[in-house]
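One structure is given here, and the rest of the page talks about it.
The values are calculated or read from the model by the stated rules, or taken from the named source; none is laboratory data. Owing to the predicted nature of the structure, the values given are computational and were not obtained by experimental measurement. Cβ coordinates were reconstructed from backbone atoms using ideal geometry, including for glycine residues, and neighbour counts include every protein chain displayed. Protein only, heavy atoms only, side chains kept; ligands, DNA and RNA dropped before computing areas. Shrake-Rupley method; radii C 1.70, N 1.55, O 1.52, S 1.80 Å.
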Amino acid sequence: MNAQITRVFVVIVALFALLLVFTTRWTVVDASKLTNNPLNVRTLIDEMKIKRGRILADDGEVLAKSVPGPDQTWNRFYPTGRLFAQAVGYSIPAKGEAAGLEDSDGSDLRGLQTGLNSIFGQLTPTRVGDDVYTTLDPKAQRVARQALAGRDGSVVALNPRTGAVLVMYSNPSYNDNDPSNLAPGDSLLNRATQARYAPGSTFKVVTGTAALDTGLYTPTSTVNGKSPILVSGVPLENDGNQSWGLQTLITAMTYSINTIFAQVAERVGRGTMANYMKRFGFYSKPPLDYPPDQMRASDVISYTGRALPPGSPDEDIGRIGIGEGGVSVTPLQMAMVAAAVANGGKLMTPHLTAKVVNSDGVVVKTIAPSVYAQVMKPSTAQALTQMMTKVVEEGTGTAVQLGGISVAGKTGTASIGPTGSNLTQPSFMAFAPSQDPTVAIDVFVDQSQGGYGGTVAAPIAKAVLQTLLADGK
C-alpha cells in the first residue's frame, strides 16, 4: 500500500515539475517569442489596451500620444504629422505594425512587464507606458522642411560632441496618422537612413582623412591638377575641364579639384581607403537607436549593381576618392563624417532618444554619449577643419557663410542621369562654429537641373545651421 502511494506521489511530483518547466519556458524563457508571434491574437488585443507613452521633442512638444478608442482600447495620434513621420514612425497595434521610434522604443512606450509578472498577474486596461523624450529640435526640423521647399531630399544634423540627432527630415514624407493610405507622392522611405545617394565631392573629406592621417600627405603637399587625366584607363576631368597645375591639398579641397583627389586616393590605396571608410561607419548599418530594417549601410556598388566588399580589386579607387565610382551613402552617414572631423576625430554614436520618463515623472533611462570610433588623430581633424573652413571662406561653399560665425564645409555635386542630361545631385556637409563645433549637418537634394552643391544644398544647410545655433545648440 505504501509503495503504491509512493508511486502515485512520484508521478504527481513529476507532472508538477513538467508543468513548472513548460510554464517557465513559455512565460519567461520564450515569452518574447510568444509575445511577438503575429498569430498571437491575445497579444494584439493586449497591445490595444496599453496606453502607450508619449514621444516628445527636446523642447517638450508632443510628437506622438495615445487617445481613447472603443472598448477600453487606445489609438495613436501624431500632432505634427508629416513633419516628424520619418523619425517618429507609427504604431498600429490592431495590425501588429510599427515603424520608426514607435518600433525601436516600443518596449519603453509599452512599459513592458517581465515574464514573472505575466505568471502572477494579468495585463490590465489601465497599463500606462513610459514617455520617450527625443533629441529632435522642432524649430530646426520645420526650417529644414521649409528650405527643401518641396524638393525631394534629406537633412540630417547632429551634435558632434554627443551624437544627438537634432534634425532628421526627408521629403517626400507621409501622414503617420494614416500610413496605410498614402497620398500621391507620399513615401514611407526615410531617405536619411535608407536612400542611396552619390556623395560627390563631399567624400573628399574621407579621402583627405586617409591621406593626412597616414602621413602620406600634409595639407601643403602638392599634386598636379591637370585635366583630363586617365583614372582606371578612363579620362577624368575637373569641373569645366580646368587644368590647375601643381596645387596644395588645401587648394584642392577649397576648389574641389577632382584630378588631384583621384591621384591621392590611388596612392593611398584600396585597403587603406576601406579601413578609414569602416572607421567612419561605412559597410555597416548605422549604430542608431532606430529599426535596423529601416536603415542601410553606406558602401560601394559595382557597375553591375552588386555591393563590393571593402577594398575589392574591382573598385575604381580613383573615382571613389572623389565620391564617384559607385560610392553609395545615406545622409546620416555623411553627417557622421562631418561630426567626426568636428569632434577632433572622435565619432560619437548617433542617437534619437534622450531619456525615458515613467508615468510618475521619474527618469528611468538616460542615453549617455558614447564613442563609436576614434576615426583619426586630433591633429588630422584640426588640419581638415582648416581646409574645410577655407572652402566656405573663399571656395565652393561661400553660400553657407554665417557672418561672424566661422563654418567648415564641403560641397558635393554628383552627375546623374544619361550623359548630356545635365542632371545633378547636389549635397553639402558642414559644421559650426568651426573651432568649437556644436552642430554637424549634411544635406542632399535628389535632383537638380545643372545645380551645384554650393548653390542648391548649401543654402539649406545655412538655414538649418542658423536656427540651431540661435537656439543655443
Open item on the list: Against the definition (within 30 Å of R82 (Cα to Cα), touching a Phe, Trp or Tyr at 6+ places or on another chain (Cβ under 7 Å), open to solvent by 40 Å² or more (accessible area, probe 1.4 Å) and in contact (Cβ under 8 Å) with a residue 60 or more places away in the chain), how does L188 come out, yes or no?
Closed with: yes
Open item on the list: Just to be sure I understand the filter: pairs with C-beta atoms under 6 Å, separated by 6 or more residues or on different chains, first member in region 444-473 and within 13 Å of A149 (Cα to Cα), second member open to solvent by 60 Å² or more (accessible area, probe 1.4 Å). Which pairs pass?
Closed with: V445/R151; D446/D152
Open item on the list: I'm checking my understanding of the structure. Among residues of region 407-432 that are out of contact with any strand residue (DSSP E or B) (no Cβ under 7 Å at 6 or more places or on another chain) and of a type in the set (S, T, N, Q), which one is modelled with the lowest pLDDT?
Closed with: T419
- [ ] Scan region 340-367 for residues that are assigned to a strand (DSSP E or B), among the hydrophobic types (A, V, I, L, M, F, W, C) and under 20 Å from the mean Cα position of the chain (by Cα) and jot them down.
- [x] L347, M348, A354
Open item on the list: It is to be established whether one or more residues within region 380-402 are under 25 Å from A195 (Cα atoms), assigned to a strand (DSSP E or B) and touching a residue at least 12 places away in the same chain (Cβ under 8 Å).
Closed with: no
- [ ] Test each condition in (1) closer than 19 Å to L347 by Cβ; (2) of a type in the set (S, T, N, Q); (3) surrounded by fewer than 16 Cβ atoms within 10 Å (Cβ to Cβ); (4) more than 22 Å from the chain's Cα centre (by Cα) for S370 and report the one that comes out false.
- [x] (4)
TODO: For region 421-473, enumerate the residues that are of a type outside the set (S, T, Y), open to solvent by 40 Å² or more (accessible area, probe 1.4 Å) and farther than 24 Å from G345 by Cβ.
DONE: N422, Q447, Q449, P459, K462, Q466, A470, D471, G472
TODO: Name, by its number, the condition in (1) closer than 27 Å to G450 by Cβ; (2) among the polar types (S, T, N, Q); (3) out of contact with any Pro (no Cβ under 7 Å at 6 or more places or on another chain) that does not hold for N241.
DONE: (3)
- [ ] Kindly indicate whether D137 is of a type in the set (D, E) and either under 21 Å from A354 (Cα atoms) or within 19 Å of the chain's Cα centre (by Cα) (or both).
- [x] yes
Open item on the list: Looking at the structure I just gave you, is A338 of a type in the set (G, A, S) and open to solvent by 10 Å² or more (accessible area, probe 1.4 Å)?
Closed with: no
Task: Contacts under 8 angstrom Cβ, first residue in region 140-153 being among the small types (G, A, S), partner open to solvent by 20 Å² or more (accessible area, probe 1.4 Å) and assigned to a loop (DSSP other than H, G, I, E, B), 6 or more apart - done: A140/D471; A140/K473; G153/D446
